1. Quote the relative contact order of the stretch 215-300 in percent (integer), defining contacts as alpha-carbon pairs under 8 Å separated by 6+ residues.
2. Taking only Cα atoms and a 10 Å spring cutoff, compute GNM fluctuations for the chain and point out the largest among 25, 85, 141.
3. For the stretch 56-212, treating each Cα as an identical point scatterer without solvent, what Debye log10 I(q)/I(0) comes out at q = 0.13, 0.14, 0.18, 0.20 1/Å?
4. Show that you can apply the helix-only estimate: for the chain, add -39,500 (n - 2.57) for every DSSP H stretch of four or more residues, divide by all residues, and state [θ] at 222 nm to the nearest 500.
5. With r as the distance between the Cβ atoms of residue 51 and residue 246 and R0 = 51 Å, compute the FRET efficiency 1/(1 + (r/R0)^6) and round to 0.05.
6. Springs between alpha-carbon atoms under 10 Å, Gaussian network over the chain: tell me which of 319, 294, 167 tops the mean-square fluctuations.
7. In vacuo Debye scattering of the stretch 84-144, one point per C-alpha: log10 I(q)/I(0) at q = 0.16, 0.18, 0.21, 0.29 Å⁻¹?
8. Please list the equivalent ellipsoid semi-axes of the stretch 210-352, computed as the square roots of five times the alpha-carbon gyration tensor eigenvalues, in descending order and whole angstrom.
């Protein structure tokens, strides 16, 4: 606890050097993090409490097993993360605002201490997220507000298990925990697409290994199929980004013409997603179609999936050995940003 409060004091000291609006934003972040610290219960204590539901205990035992597997088999030491449980009275841990200019797919970024530039603004209060979204829309941005069931403090605090994700399906819970632990393993300041793609690819490979170790072939096949479905959706989003990239790069097109053509591109994407919805296993696409389709949506998807094929290829090059893979990723992380992204492009082009 002493370490936690020393870190909190360090953050507060930084905030005193920033502007009023920034202080206001970080104040809500500090309150949200403080709530988690105050409400958390040790998982060992929850498991020993006879008044706690057995269903919750079963999920927490699974978390303990995932932590052990991460440390023993994946070279992902969990530290003190996921040793506590927090019951929240809201459906999401926080809400993230993403924004992009009307004729660009480059997401607006904000600077954060210890993290650097990040293409999103997270709020523990949904209304505050909506307020920022409205402000950005008035400035002409495409905006999307997304709920996040979990987030990583990158090792600054011991991340707890939250009620917002503890009841996920086994494979989804495993993927989430492995994803967040990957951020603690390696995080490159100011390179969100690298960090999130790395965590996504790593968590998927780790989940496949965990499912195989459990000996449940049916669960492994089901998860592999879900990853394949996500890849198909991601490919359609990537294709749409390519079309919009060409459109937005036309210097002689009028704003009116670009706006009209942009609407047509997004209408075509919605039609493709509607067709997918009718295929087996794609019923969840209906929920995705309810999400606003705009530049912010596509930009956010790119952050999490842009380099996934490259990291998968690197994992294969390392014979699917996690220690060797993490060493190779660490070498990539030491490169200057432009050189790092060129190396990722080479890997992506070599991927199946």
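1. Values: 35 pairs, mean separation 25.1, N = 86.
This gives 29 percent for the stretch 215-300.
2. Per the Cα network of the chain with a 10 Å cutoff, 25 tops the list.
3. Listed by q, the Debye log ratios stand at -0.66, -0.75, -1.14, -1.31.
4. On the way: 14 runs with 221 residues, N = 352.
Calculated mean residue ellipticity at 222 nm is -21000 deg cm²/dmol.
5. Details: r = 61 Å, r/R0 = 1.19.
In this case the efficiency is close to 0.25.
6. 319
7. Relative scattering, expressed as log10 I(q)/I(0), comes to -0.58, -0.70, -0.87, -1.19.
8. Working: eigenvalues 203, 120, 20 Å².
Sorted largest first and rounded, they come to 32, 24, 10 Å.
Throughout, read-outs are computed from the coordinates displayed, never taken from laboratory work. On a predicted model such as this, the values are computed, not experimentally measured, just so you know. Cβ atoms come from the backbone with ideal geometry, glycine included; neighbour counts cover every protein chain shown.
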